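> Have a look at the structure that comes next, please.
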Amino acid sequence: MLTQLEAYIQRLMKFDWYYDYSDDHSVWSRANRENTELFALSHSGEAFSMAYKAISKYMNEPANTRNFAVLDSQLNEARALEKTE
């Protein structure tokens, strides 16, 4: 069973971070609502905030400069923090 943080991380990783470029207003509207919800959830605790910041930064970097090891390390820090919250 997934923890709340793990479920949140999965949602963040599956989210369409490039929705702003969509020509389809319905796609943009749906993704914008989801982005608002994901951002609001980032205020649920420090671990959620860390996960949101790490993944949004990672996803907004150019694909050829992304470093998954850094992202994984940051997410592991958030997971460890969740256990203490």
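> Using the structure shown, decide if A54 is part of a helix (DSSP H, G or I), among the aliphatic types (A, V, I, L, M) and open to solvent by 60 Å² or more (accessible area, probe 1.4 Å).
No, not satisfied.
> When the residues of segment 7-38 are narrowed to those that are free of Cβ contacts under 8 Å to residues at least 40 places away in the same chain and under 21 Å from A80 (Cα atoms), which ends up least open to solvent (accessible area, probe 1.4 Å)?
Taking the candidates together, the pick is L38.
> Kindly check whether there is at least one residue in segment 66-82 that is more than 15 Å from Y8 (Cα to Cα), among the aromatic types (F, W, Y) and exposed (fewer than 13 other Cβ atoms within 10 Å of the Cβ).
Checked segment 66-82: at least one residue is more than 15 Å from Y8 (Cα to Cα), among the aromatic types (F, W, Y) and exposed (fewer than 13 other Cβ atoms within 10 Å of the Cβ).
> Quick check: anything in segment 40-51 touching a Lys or Arg at 6+ places or on another chain (Cβ under 9 Å) and open to solvent by 50 Å² or more (accessible area, probe 1.4 Å)?
Among the residues of segment 40-51, at least one is touching a Lys or Arg at 6+ places or on another chain (Cβ under 9 Å) and open to solvent by 50 Å² or more (accessible area, probe 1.4 Å), which makes the answer yes.
The values are calculated or read from the model by the stated rules, or taken from the named source; none is laboratory data. For clarity, every value in this text was computed on a predicted model and none was experimentally measured. Quick reminder, even Gly has a Cβ in these numbers, built from the backbone with ideal geometry, and neighbours come from all protein chains shown. These area figures cover heavy atoms from the full protein model, side chains too; ligands, DNA and RNA do not enter into them. Shrake-Rupley method; radii C 1.70, N 1.55, O 1.52, S 1.80 Å.
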